[in-house]
Ligand code: FES
């Protein structure tokens, strides 16, 4: 039984021709019987187009890659770079793992929480910034650290630098 048949509802999710071509580009890197090895790359492309990975996208990808939907979901939920619901334009992941904790990681998260008036795991009322705690980001020597939009690492984040970051994101958000 196919994944969509299991779901019993036609999938309403769709992707641009450009994204569909990129899916194919990832899939052909692997032998046909191993096309599911492209799942992380394809999830990344899903998020690039839609901003998050919906359960419908997971089902679509499961069909496309010929793998169980639960296996796609397991990958999507294992890596915290995948957003499972719409997030703000900017996502800030603050490391609260041990090395960062010892050098103010939790305080950095609390400072941002107060400044943005949002609890961790949520998005600001204006939809601009999502605040999330994170596990070790692999830059312990620079603690406390945070990651913006899964790509931009910020090091030694004291309160002044946190304030500057928030101001810069607000400014960028207002420009576009
Ligand atoms: S503990 Fe924060 S980067 Fe490793």
I need a count of the residues in region 155-167 that are in a helix (DSSP H, G or I) and within 14 Å of the ligand (Cβ to nearest atom). 0
On the given criteria, is residue 130 away from the ligand (no atom under 11 Å from the Cβ) and touching a strand residue (DSSP E or B) at 6+ places or on another chain (Cβ under 6 Å)? yes
Which helices (runs of 4 or more DSSP H) sit wholly inside region 1-97 and have at least 2 residues that are modelled with pLDDT of 95 or more and either outside the structural domain of residue 144 (by TED's automatic domain parsing) or under 17 Å from the mean Cα position of the chain (by Cα) (or both)? 17-27, 39-50, 55-65, 69-78
Quick check on my filter: what residues within region 100-125 are within 11 Å of the ligand (Cβ to nearest atom), surrounded by 17 or more Cβ atoms within 10 Å (Cβ to Cβ) and assigned to a helix (DSSP H, G or I)? 100, 105, 108
Filtered residue count, region 133-154, keeping only those that are assigned to a loop (DSSP other than H, G, I, E, B), surrounded by fewer than 13 Cβ atoms within 10 Å (Cβ to Cβ) and at negative phi: 2
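The values are calculated or read from the model by the stated rules, or taken from the named source; none is laboratory data. Keep in mind it's a predicted model, so treat the numbers as computed, not measured. We place every Cβ from the backbone using ideal geometry, glycine too, and count neighbours over all the protein chains shown.
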